[in-house]
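See below for the structure under consideration.
The values are calculated or read from the model by the stated rules, or taken from the named source; none is laboratory data. Everything numeric here is computed off the predicted structure, so don't read it as measured data. FYI the Cβ positions are ideal-geometry reconstructions off the backbone, even for glycines, and counts take in every protein chain you see. Accessible surface is based on the protein model in full, side chains and every heavy atom, while ligands, DNA and RNA are left aside. Shrake-Rupley method; radii C 1.70, N 1.55, O 1.52, S 1.80 Å.
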Amino acid sequence: MYYLDILFGHSNIQTDHLNILLGDSDIHLVHFDIRTGRKEIQSYLLHIKFIIKMFRLDNKTAVITGGGSGIGKAISILFAQQGATIHIIELSEENALQTVAEISAAGGKAYAHSCNVANQQQVVAVISALEKVDILINNAGIANIGKADTTSEADFDKVMAVNVKGTYNCIFATIPKLRENGGVIINMASIGSNVGIADRFVYSTSKGAIKAMTMSVARDYIKENIRCNSISPARVHTPFVDGFLKNNYEGKEAEMFEKLSQSQPIGRMAEPIEIATLALYLCSSEASFITGCDYPIDGGFTTLNN
């Protein structure tokens, strides 16, 4: 919550200056010369009030899959800070509860649901029990290393079950809720859906499906006030990345981390909060004219690696 305290003299102003304090965790001091006039000051205050209200999610209910760590956790915390009630769907109940505890400690509202997104029955049971849903973030996903001839059938099926079927399951279960008042769906795709990434055959396949699914859903439900967009991150520094490096490049983690970071023209990996802020914009009323779009957030990977 933001508070705006304004000090005006009601008769004779005895000072040449006006101080305005804005803030929640931070306090910003705006200094005015009274001689500029009340009209200019009031115009500035109206502008400040408008900015403060931007990107708010008050009275919104957001379902976030994979919200217990990484990008999903960053989205959960940020959306709660902006006023949304958060429902985290997670395979790891421990991770979900930890995120819920952080949100609750900061004064937000959040709930954890232990659920496998690849299981439609479980997903429908969780979402149908919610009073309403305004926002769905399909963030849960897994990766796999391999080419077409080195990816086993079991690995192919596993990645597609979580990444593609899991997204479908959540959309399937959530559409009836979104129909009530309209809403927003964000699907987490990848730069792998836009360019060729070595040794990521089934992962890129799944993310290409996510991108196509996004366009289809956006088209099918546009008349029902349901918007659907996707975000395509490049490499993001999450616990998943650290685990990947440890499991696949033991003893060379630092070297590989730097190599992966430098593969992006901007020279580093993204931070989860950077993905979360884009998701916030796309789910806010300020983005009400945006649907059927994919947003690469990739440090120049897609267009500048030449």
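Between amide H atoms placed 1.01 Å from N, distances below 5 Å from residue 110 occur with 86, all of them 5 or more places distant or on a separate chain.
Packing around the peptides 103-114, 80-91, taken as the average count of other Cβ atoms within 10 Å per residue, puts them in this order, highest first: 80-91, 103-114. Here the Karplus relation 6.51 cos²θ - 1.76 cosθ + 1.60, evaluated at θ = phi - 60°, turns the backbone of segment 134-149 into coupling constants of 10, 9, 10, 10, 8, 10, 4, x, 10, 10, 7, 9, x, 9, 4, 8 Hz, with x for every Gly and Pro.
Rolling a 1.4 angstrom probe over segment 55-304 with all protein chains present gives an accessible area of which 53% lies on carbon and sulfur atoms. Computed from point charges on the beta carbon alone (+1 for Lys and Arg, -1 for Asp and Glu), the dipole magnitude for segment 55-304 about its Cα centre is near 540 Debye. At full extension, residue 153 and residue 259 could sit 35.2 nm farther apart than now, given 0.36 nm per residue minus the alpha carbon distance.
Among 293, 257, 217, whose Cα sits farthest toward the positive end of the charge dipole of segment 205-306 (+1 at Cβ of Lys/Arg, -1 at Cβ of Asp/Glu, about the Cα centre)? The one lying farthest along the dipole's positive direction is 217.
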